[in-house]
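Below is one structure, written out as structure tokens; comments come after it.
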Amino acid sequence: MPRQSGFSRRQFVAGCCGAALAGGSRLLSISFAADAAQARSRDLLVAIFLRGGMDGLNFVAPVNDPHYVAARSAALRLSDKGDSAALPLGNGPAGLDFRIHPSAKSLKELYDSKQLAIVHACGLTNGTRSHFEAQDLMDRGVVDLARQNIGTGWLTRHLQSTGAGGLLPAIGTSDSLPNSLLGFDSAAAVPDPNAFSFYGDESQLAALRSLYRGDSLAARGGAATLEALRVVSSHLKRDKDGNLLPYQPENGAQYPGNASLASSLQTVARLAKMDVGLQCAAIDVDGWDTHQNQSGTFPGLIEQVSGALAVFYNDMSRWHDRLSVVVMSEFGRRLKSNESDGTDHGHGNLMLCLGGNVNGGQIHGRWPGLATEQLDDRADLAVTTDYRAVLAELLARRVGDAAIASVFPGLKKYQPLGVFRGAEPDGLTPGSALS
């Protein structure tokens with residue numbers, strides 16, 4: 001899938017000063033303490049994209065719906081021996097018994113503690129079943145690139161509209177940046193904070209600091225880059241011989257060492273605690289295209305997401321009141337399973353919303369039903385909530401972004417579902433027209 005090219009760790013360090021002189025540094029727009037204070041007054045937004053089309057109907061589903069049971073060879077079960085039964089959620093729409101996958105025990109606990117909300121039957125209203133197209137549209141926050149020729153990502157437009165500053169206002173945790181941050185010059189790809197360092201000696205560092213004295217744009221950009229490297233490096237713990245020590249999470253949290261999502265979330269936690277002005281983090285998790293052997297692969301994928309989110313949320317316990325996590329995927333899977341113990345590309349899906357200001361313990365959105373005549377194209381879960389409505393509510397109520405029409409061009413109305421607590425910024429009211 002396409003990704004925007006981002007600085008690698010060594011490219012960032014080696015190229016930052018020359019780029020600053022040329023007027024093109026990724027950090028030229030950054031200021032210092034005032035911007036960091038501004039970042040602390042807003043929620044840290046963590047956007048997790050499950051790439052490949054996650055099967056929302058095998059994650060959370062109405063286990064007592066006869067249409068669901070009849071269509072699925074590997075349906076979530078109402079009851080069974082051992083630990084294989086789906087976990088009851090309660091508060092399900094349409095009076096149905098919605099349950100979550102048994103491998104999502106940690107998410108069930110967050111849901112019961114009202115920290116986690118689920119939005120079901122949501123997604124991209126475009127209707128495409130193409131991974132490439134659907135991911136690109138969602139990264140850019142539009143439904144039709146032919147009519148909405150947008151060259152930036154939705155996170156980029158949000159950060160631009162709110163005047164994001166700080167040393168590192170936005171990061172991707174892969175080796176390259178996702179298209180949700182396309183066009184945002186102050187974003188950096190940071191897979192590992194340990195390698196976000198200056199590789200020269202003290203004399204070279206002193207020479208660079210001398211070079212970037214002054215108030216010119218290039219000087220400010222170079223100084224900001226060196227300051228970011230200094231701050232990150234100063235927070236890395238070392239032993240008496242200068243060797244890097246492992247990160248110590250808070251509150252007894254323990255990140256699993258073999259899960260990519262856990263590693264990415266640990267990176268976010270570490271940078272957030274360094275007070276470098278982090279406002280947005282974009283995380284990609286691949287592997288969700290389950291055309292075959294879904295019963296063998298899906299439980300492990302769900303366990304990874306559930307465990308990583310729980311550990312991260314525990315580690316970030318001091319941040320709960322200013323932390324918002326959203327999890328989404330480009331589309332769901334067909335209601336009816338295929339002959340290869342899998343599911344093919346579908347339409348409607350679910351989103352997860354986690355944070356201290358989430359109206360959790362609820363399944364939000366309108367459930368369309370699973371009877372044949374209620375399905376999209378008589379095959380897939382219908383979309384009743386545009387995924388952008390959830391993101392718009394998050395940006396408005398938790399980050400104070402009033403420029404929803406610019407962030408999500410083509411979205412007709414601002415229609416919050418009540419997933420997040422908080423007041424709308426001036427000029428934006430529920431039900432107001434956007435375009």
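Things worth noting here:
- Once both labels are positioned 7 Å from their Cα atoms along Cα-to-Cβ, the gap between GLU339 and ALA433 label points is 5.2 nm.
- Other residues whose C-beta falls under 12 angstrom from the C-beta of GLY410 contribute a net charge of +3, scoring Lys and Arg +1 and Asp and Glu -1.
- Label-point separation in nm, ASP175 to ALA70, each point 7 Å along Cα→Cβ: 4.9
- Selection from ALA228, ALA206, SER216 lying farthest towards where the dipole of segment 199-238 points positive, charges on Cβ: ALA228
- Nearest 10 degrees, 0 to 90: helix 202-211 Cα axis against the chain principal axis: 90
- The angle between the Cα long axis of helix 387-399 and the longest principal axis of the Cα atoms of the chain comes to about 50 degrees, rounded to the nearest 10.
- Exceeding the 29 Å Cα-Cα cut-off - candidates LYS108/LYS336; LYS105/LYS336; LYS240/LYS273; LYS108/LYS413; LYS114/LYS273; LYS105/LYS273: LYS108/LYS413
- Cα gyration tensor, segment 219-328 - rounded (a/c under 1.5), prolate or oblate: prolate
- Placing +1 on each Lys and Arg Cβ and -1 on each Asp and Glu Cβ, with no other charges, gives segment 266-373 a dipole about its Cα centre of roughly 420 debye.
- Working ranking of peptides 170-182, 397-409 by packing, defined as the average number of other Cβ atoms within 10 Å per residue, highest first, is 170-182, 397-409.
- Semi-axis lengths (Å, descending) of the ellipsoid that matches the C-alpha gyration tensor of the chain: 39, 24, 19
- In the chain, the longest principal axis of the Cα atoms and the axis of helix 131-140 are about 60 degrees apart.
- In the chain, the DSSP-assigned H stretches of four residues or longer account for a calculated mean residue ellipticity at 222 nm of -9500 deg cm²/dmol, using -39500 (n - 2.57) per stretch and the full residue count as denominator.
- Under the convention that each Lys and Arg Cβ holds +1 and each Asp and Glu Cβ holds -1, the size of the dipole of segment 322-393 around its Cα centre is about 320 debye.
- Multiplying the residue separation of SER130 and ALA379 by 0.36 nm and subtracting their alpha-carbon distance yields 88.0 nm.
- With a Förster radius of 41 Å applied to the beta-carbon distance between GLN292 and LEU211, the computed FRET efficiency rounds to 0.10.
- Amide H contacts under 5 Å for SER432: TYR414, restricted to partners 5 or more places along the chain or on a different chain, H placed in the peptide plane at 1.01 Å from N.
- Point-charge dipole on Cβ atoms (K/R +1, D/E -1) for segment 331-435, about Cα centre, debye to 20: 260
- Separation between Cα centres of segment 135-204 and segment 372-430, rounded to whole Å: 22
- All Cα pairs of segment 118-185, percent lying beyond 20 Å: 36
Read-outs: derived from the displayed coordinates by stated rules, not from any lab. Please read these numbers as outputs of a predicted model, since none were measured by experiment. Methodologically, a virtual Cβ is constructed for each residue, glycine included, from the backbone with ideal geometry; neighbour enumeration extends over all protein chains shown.
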